[in-house]
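Visitor: This is the structure I have questions about; it appears just below.
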Amino acid sequence: MTTHHTDWQVLALADVAATPWRNGGGVTRELLSGPSSTGTDWRWRLSVADVAAHGPFSRFEQTQRWFAVLDGAGVVLRFPQATHRLDAHSEVLAFDGEWRCDCDLIDGPTLDFNLMTRGLPAHMQRLRAQTHAFTPAVAGLAAVFALHDDTRITQGTHSMSVPRHSLAWRVLAPHEAVQVHSPHALWLFIEGAA
């Protein structure tokens, strides 16, 4: 169920239908995309994947990707250029969606967050155990994915809680300040997205 609070919208991961991968290696839950919400005609997309087996990532031309492990022992991502070992404490990995990438599970299935954009500057980072303040210089879509029940978003005198494994989002005007208080969350900002 999507709920609204002080112009922020909140969507629980558990309420999003899963789409199986064609190769049978996992499922994806698309949380949000735009400007179109159907098919592949999107310029930005936020999703969570349950990865159950080793295998290659799908390749996306002219697409920038950000990837973070949410739960599970982690993965090893093998690119022609480098190999990255990632777990639920690793920093977010950004890479070109056109690159060939093979994913090996370290010890069982993982839950992973993906941000993808086409031609829109964006940023995704992991937040840990403190208060973070953000004041984007340009308008865009801001989002917080909570990985802990004690996650709050504050704007001015308004404050709201974001349940674990839920996404909160809204469009911010230039220089509109936001604070995120959480032991563990992801912060995302996509310039020009609405």
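The values are calculated or read from the model by the stated rules, or taken from the named source; none is laboratory data. If you're wondering where the values come from, they're calculated on a predicted model, not measured in any experiment. Because the Cβ atoms are built from the backbone with ideal geometry, glycine has one as well, and the counts that use them run over all protein chains shown. Side chains are part of the model used for accessible areas, which takes the heavy atoms of the whole protein and leaves out ligands, DNA and RNA. Shrake-Rupley method; radii C 1.70, N 1.55, O 1.52, S 1.80 Å.
Visitor: Quick one: accessible area per residue over the range 154-194, 1.4 Å probe, rounded to a whole number of Å²? Don't jump to the answer; show the numbers that get you there.
Guide: Numbers: 1680 Å² over 41 residues.
Spelled out: the 1.4 Å probe surface of the range 154-194, per residue, equals 41 Å².
Visitor: Which percent of the accessible area of the chain is formed by carbon and sulfur heavy atoms (probe 1.4 angstrom)? Please report the intermediate quantities before stating the final value.
Guide: Values: 4680 of 9360 Å².
Accessible surface attributable to carbon and sulfur in the chain totals 50 percent.
Visitor: Then there is this: Once Lys and Arg get +1 and Asp and Glu get -1 on their Cβ, which of 186, 83, 153 lies farthest toward the positive end of the dipole of the range 59-194?
Guide: 153
Visitor: Relative to the compact globular guide of 2.2 N^0.38 Å, what is the alpha carbon radius of gyration of the range 135-179, as a ratio? Write out the running numbers ahead of the final one.
Guide: Working: Rg = 10.9 Å, N = 45, 2.2 N^0.38 = 9.3 Å.
Normalised Cα radius of gyration, the range 135-179: 1.16.
Visitor: Excluding ligands and nucleic acids, what accessible area in Å² is computed for residue 30 using a 1.4 Å probe, to the nearest 10?
Guide: 60 Å²
Visitor: Then there is this: Modelled label-to-label distance, residue 61 and residue 148, 7 Å Cα→beta-carbon offset: nm?
Guide: Taking the two extended label points, one gets 4.3 nm.
Visitor: Moving on. Placing +1 at every Lys and Arg Cβ and -1 at every Asp and Glu Cβ, with all other atoms neutral, what dipole size does the chain have around its Cα centre, in debye to the nearest 20?
Guide: The calculated dipole for the chain is roughly 180 debye.
Visitor: Additional query: Sum up the charges of everything whose Cβ sits under 14 Å from the Cβ of residue 106, counting Lys and Arg as +1 and Asp and Glu as -1, but leave residue 106 out.
Guide: Details: positive: 78, 85; negative: 71, 87, 102, 104, 107, 112.
Neighbourhood net charge equals -4.
Visitor: Once both labels are modelled 7 Å past Cα along the beta-carbon direction, what's the residue 83-residue 107 spacing in nm?
Guide: According to this spin-label approximation, the distance is 1.9 nm.
Visitor: What net charge do the residues around residue 156 carry, taking every other residue with its C-beta under 15 Å from that of residue 156, with Lys and Arg at +1 and Asp and Glu at -1? Let's see the in-between values first.
Guide: Details: positive: 152, 170; negative: 7, 176.
Around residue 156, the charge tally is 0.
Visitor: Then there's this: Count the net charge of all other residues whose Cβ sits under 13 Å from the Cβ of residue 131, scoring Lys and Arg as +1 and Asp and Glu as -1.
Guide: On the way: positive: 128, 152; negative: 150.
Summing Lys and Arg as +1 and Asp and Glu as -1 gives +1.
Visitor: When the label point is put 7 Å from the Cα of residue 139 along its Cα-to-beta-carbon vector, which residues of the range 165-194 have a backbone N closer than 20 Å?
Guide: Flagged as within label range: 169-178, 188-194.
Visitor: Place the peptides 108-119, 53-64 in order of packing, highest mean first, counting for every residue the other Cβ atoms within 10 Å and averaging per peptide. If you can, show how the numbers build up before the last one.
Guide: On the way: 108-119: 18.7, 53-64: 13.8.
Per-residue Cβ counts within 10 Å, averaged per peptide and sorted highest first, yield 108-119, 53-64.
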